[in-house]
Amino acid sequence: HRNQDATVYIGGLEDAITTAILWELMTQAGPVKHVYLPRDRITSRNQGYGFCEFYREIDAAYAASVMNMVRLFGKPIRVQQSVVDRRSIDIGANIFVGNLDPEVDEKLLYDTFSAFGVIVETPHIMRDPADGTSKGYGFVKFGSFDASDLAIEAMNSQYLANRQIVVQYAYKKDGAAGERHGSDAERLLARASA
């Protein structure tokens, strides 16, 4: 039986990351009891996330505070304490952040927007696949509409790294054309499943 309070969720992992690498990284926060890295049954690649259980709860809290947004293989990882079930997380409180300065990275978006509430995934900046340069926009996914509403209200038209940014609800990937997140229906569903 896993001690949830001594466990951290680790997300945003590259394919090359193994249990051994995670173990080595997390041991820097404290003695590790178990590392669980789910793999795809067919390709046997990791699925981009894992869990690490420490012997002590205080080490899990420390890992979440110092390891979050550390870059592994050039990609910032997400480390947080005992995450709720993954499926219940995506309620649709997803915002679009545009007109970003090329210097703005995932960590800066995370640090800026986490002030408004829990961010449930590493912020995503769209980048050129050829050279990794920012395309000037990204997405932040919150765990509640209170947080996303507040972020939009507070940050739209504000300056971030010397550029006035645009912050609004993101368009839905699978919805009707031009349909944005943050609709009344989504909010009702989020309240119903809370």
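The values are calculated or read from the model by the stated rules, or taken from the named source; none is laboratory data. Small disclaimer: the values here were computed from a predicted structure and weren't measured. Virtual Cβ from ideal backbone geometry, glycine too; neighbours counted across all protein chains shown. Calculation scope for accessible area: heavy atoms of the full protein, side chains included, ligands and nucleic acids excluded. Shrake-Rupley method; radii C 1.70, N 1.55, O 1.52, S 1.80 Å.
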remark   = Of the residues in segment 61-93 that are open to solvent by 50 Å² or more (accessible area, probe 1.4 Å) and closer than 21 Å to ASP149 by Cβ, the one that is modelled with the highest pLDDT is ASP90
inquiry  = Cβ-Cβ under 9 Å, sequence separation 6+ or interchain: first residue in segment 131-154 and in contact (Cβ under 8 Å) with a residue 24 or more places away in the chain, partner open to solvent by less than 40 Å² (accessible area, probe 1.4 Å) and of a type in the set (D, E, K, R). Which pairs?
reply    = SER134/ASP101; GLY136/ASP101; GLY138/GLU106; PHE145/GLU186
Elements of type helices (runs of 4 or more DSSP H) in segment 94-194, at least 3 residues being surrounded by fewer than 16 Cβ atoms within 10 Å (Cβ to Cβ) = 145-155, 184-193
ask   = Within segment 1-19, which residues are open to solvent by 70 Å² or more (accessible area, probe 1.4 Å) and within 13 Å of LEU72 (Cα to Cα)?
value = ASP15
Residue, farthest from VAL120 (Cα to Cα), within segment 38-60, restricted to residues that are open to solvent by 30 Å² or more (accessible area, probe 1.4 Å) and touching a strand residue (DSSP E or B) at 6+ places or on another chain (Cβ under 6 Å) = TYR55
request  = Return a yes/no flag: does segment 43-55 have any residue that is at pLDDT 90 or above and either among the aromatic types (Phe, Trp, Tyr) or under 15 Å from the mean Cα position of the chain (by Cα) (or both).
outcome  = yes
